[in-house]
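Student: Pasting in a structure now, in structure tokens, and then I'll have a few things to ask.
The values are calculated or read from the model by the stated rules, or taken from the named source; none is laboratory data. Please read these numbers as outputs of a predicted model, since none were measured by experiment. Reconstructed Cβ throughout: ideal geometry from the backbone, glycine too, with neighbour counts over all protein chains shown. All accessible areas refer to the heavy atoms of the entire protein, side chains included, with ligands and DNA or RNA removed. Shrake-Rupley method; radii C 1.70, N 1.55, O 1.52, S 1.80 Å.
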Amino acid sequence: MKLVFLDADTMGDVSLAAFAELGEFVSYPNSTPSEALERVSDCNVLLLNKVKVTAELLDRAPHLRLVCVAATGVNNIDLQACAARGVIVRNVAGYSTESVVQTTFMHILSLAGHAPYYDARVKDGSYSRSEIFSILSNSFHEIDGQRIGIIGMGAIGGRVAAVARAFGMEVVYYSTSGTSHCTEYPSLALDELLRTSDIVSIHAPLNERTRGLIGSRELALMKPSAFLVNVGRGYIVDEAALAEAVDGGVIAGAGLDVFAVEPLPADSPLMHVKHPERFHFSPHIAWASIEARNRLVQRMVRNVRESYREDNQSCRP
């Protein structure tokens, strides 16, 4: 069995040695679309993160039996084309929940507590020159007692809710699927959630219901003191509208880990704001704690083993 990983650099510094135990293993740091077409000709198992699996690529891989995605989402896979060719597709759900939750609160606490501001005041010598033992020039508020509105109450949203409750926050949510299956917290209409929440945290997948969900109209509903955090998918939020809203004081700030185009283009409206201190960014790392990436590799290996076992074939060459 030959396994080919088309964009192994997306896994960072975690070991991929476990894949070599399954058969012949070849990895490439990254693959352009044309390179991918050349690299799949003799593979049985295709491993990838963001490379697109198209009908054309599948046609160039006559021996392909299994596509293993190093992610929860499969929006870069032509599932219909895979099914038509009998190619199994396996993703990995739940491997990064705790990592995403931690990153969510990194942004929330940094925004609410003005962490970069106070760090800079110590490092630039302002604190050393202070005549009193504190610098109180940028007051912050406690999140205890504040309302967090969670958009998307899935596994990650549910863990965010539990942590928020531990901080003493009031939790409400909006169901992007319309099912409102969670009965532990109040389910609100989107407009009501936006109007009444002090922090809005997005944990929804990107689909036809969520694309462009938060635009100028929705941002205008929020409190001027509110923060928006997005660790879901970039296209859920209109970035130009968000840049304008935060710069204009429509809302107090935003924390973003995901962007419509990644890496974030240099000409993005988010890179040319008047008040960068109101924005806290991270480069799509919420999923990527070292623990999460190690779990991801382990579960991808398990997916290969289980898929081949189900197909009554050996996992060994």
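Student: Filter segment 51-93 down to residues that are modelled with pLDDT of 95 or more and outside any strand (DSSP E or B), then give me how many there are.
Tutor: 27
Student: Please go through segment 225-273 and pick out each residue that is surrounded by fewer than 16 Cβ atoms within 10 Å (Cβ to Cβ), of a type outside the set (Asp, Glu) and in contact with a Pro (Cβ under 9 Å, 6 or more places away or on another chain).
Tutor: Residues satisfying the conditions are Ala240, Gly249, Pro263, Met271.
Student: Mind telling me which of the residues Ser41, Ser126, Ser137, Ser130 ends up being under 29 Å from Asn230 (Cα atoms), outside any helix (DSSP H, G or I) and open to solvent by 20 Å² or more (accessible area, probe 1.4 Å)?
Tutor: Within the list Ser41, Ser126, Ser137, Ser130, the selection yields Ser137.
Student: Leu111 versus (1) touching a residue at least 24 places away in the same chain (Cβ under 8 Å); (2) outside any helix (DSSP H, G or I); (3) surrounded by 16 or more Cβ atoms within 10 Å (Cβ to Cβ): which is the lone unmet condition?
Tutor: (2)
Student: Let me ask something else. So in segment 265-317, with the set limited to residues that are in a loop (DSSP other than H, G, I, E, B) and touching a strand residue (DSSP E or B) at 6+ places or on another chain (Cβ under 9 Å), which one is modelled with the lowest pLDDT?
Tutor: Once the filter is applied, the top-ranked residue is Pro317.
Student: Quick check, is Ala18 open to solvent by 30 Å² or more (accessible area, probe 1.4 Å), of a type outside the set (Asp, Glu), over 30 Å from Gly154 (Cα atoms) and in a helix (DSSP H, G or I)?
Tutor: Criteria met by Ala18.
Student: Condition check: farther than 24 Å from Glu277 by Cβ and open to solvent by less than 30 Å² (accessible area, probe 1.4 Å). Does Ala166 satisfy that?
Tutor: No, not satisfied.
Listed here are the residues, each with its yes/no results for (1) open to solvent by 10 Å² or more (accessible area, probe 1.4 Å); (2) outside any loop (DSSP other than H, G, I, E, B).
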position	(1), (2)
Thr176	yes, no
Thr179	yes, no
Cys182	yes, no
Tyr185	yes, no
Ser201	no, yes
Ala204	no, no
Glu208	yes, no
Gly212	yes, no
Arg217	yes, yes
